[in-house]
Every structure is written in structure tokens, then in C-alpha cells.
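To keep things clear, I will list the structure first and then write my remarks on it.
The values are calculated or read from the model by the stated rules, or taken from the named source; none is laboratory data. Fair warning: this is a prediction, and the values are worked out from it, not measured in the lab. Positions of Cβ are generated from backbone atoms using ideal geometry, with glycine treated the same way; all protein chains shown enter the neighbour counts.
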Amino acid sequence: MLTVQCLDCGVVIQRDVRRWLVDGNQRGCRNCRAYSRVVENAKAIEAQGFKVLSTDKFKRNHRVYTIKCKKCGLAFEQLDCNLRRWIKNGAKCPGCLNKSLPLNAIRIRKARTEAGVTYSELSEKVGYSASRVKSIANNIGYSEEVAEFIADAAEKIAKEKQ
């Protein structure tokens, strides 16, 4: 085994001599290879008309891309395992895709993704169950008055977090 430091990113790794000291080493540093994939994906997302806000979160060993729609301003998340398929199928924003999505549902989703407000945190604040809050954010079982109340509370929590 060799202890090798990458000249590009500076990470120190242990590598097998047979895999490192060969002509035409295609593997290189794992850290650089992973980062180059993230950069490629971010460029592909931005080519579709979106803005990449964050790539540093993970869910179940998958990188989470936080993406903002330039048309409606909604920030939403995509996992890296679904990213290529999402782009191939037209890369649509969930807010723009569902034209009938009410303004209050968009406000709840926006507070959730941009400020990190969770459904359970919001449910404790408003006195409804987390599943009810999630249903209203997804336009299921929609009540205008309740949705407006929850959206106001979500924006208030988002302001407190920032």
C-alpha cells in the first residue's frame, strides 16, 4: 500500500501500488472524481434553466441537490440517483409542473426547502399533524383558510431561522 497525496485537492489516501503506479491510471483520486461528477451534474442542471443552491447534503448515501426554479422561485431537492432521469425527462419544476398548485402550498414548500423547516416542526407550531401539513403542501385535502394559516406560520419560522 502507498500513502498518496492528491496534488489537485490535497486529500491523503491509501492506494494499492498495482492500481496506482500503472501507465494511463484512469482512477486517480476518489475525492476529485466524485467532485468532478458533482460539477458536471450542476452544469447540466443549470443548462436546463435552474440554479443549484447546495450539493453538500446526503440522504441514504445519495447526494442531494437543492435546486431553485428561476421562473417561480421554488427551491426543491433532487437525489443524484434520479438526476439523470429527471434531466432526460425534461427537468420540470414541481411548482411549475402543477399549474394548479395554490399559492399557500408554494409558500409552505418554499419555507421548507429554503429555510429547512420540517413538516413535524411546522405541525407542532400550528397544531395539525405532520401528515396533514404535508398533504396541504402537496395540494391534497386542501382547505384555503388552514393552508393560509400554515403558510404564514411556515414563513414566520423561516424568518426566525434566518
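For the stretch 29-43, enumerate the residues that are modelled with pLDDT under 80 and exposed (fewer than 14 other Cβ atoms within 10 Å of the Cβ).
Residues satisfying the conditions are 30, 33, 34.
If residue 26 satisfies all but one of (1) at pLDDT 80 or above; (2) out of contact with any helix residue (DSSP H, G or I) (no Cβ under 9 Å at 6 or more places or on another chain); (3) of a type outside the set (Val, Ile, Thr); (4) exposed (fewer than 14 other Cβ atoms within 10 Å of the Cβ), what's the number of the condition it fails?
Here residue 26 meets the rest and fails (1).
Can you tell me which of 128, 142 is in contact (Cβ under 8 Å) with a residue 40 or more places away in the chain and among the hydroxyl-bearing types (Ser, Thr, Tyr)?
Exactly one of 128, 142 is in contact (Cβ under 8 Å) with a residue 40 or more places away in the chain and among the hydroxyl-bearing types (Ser, Thr, Tyr), namely 142.
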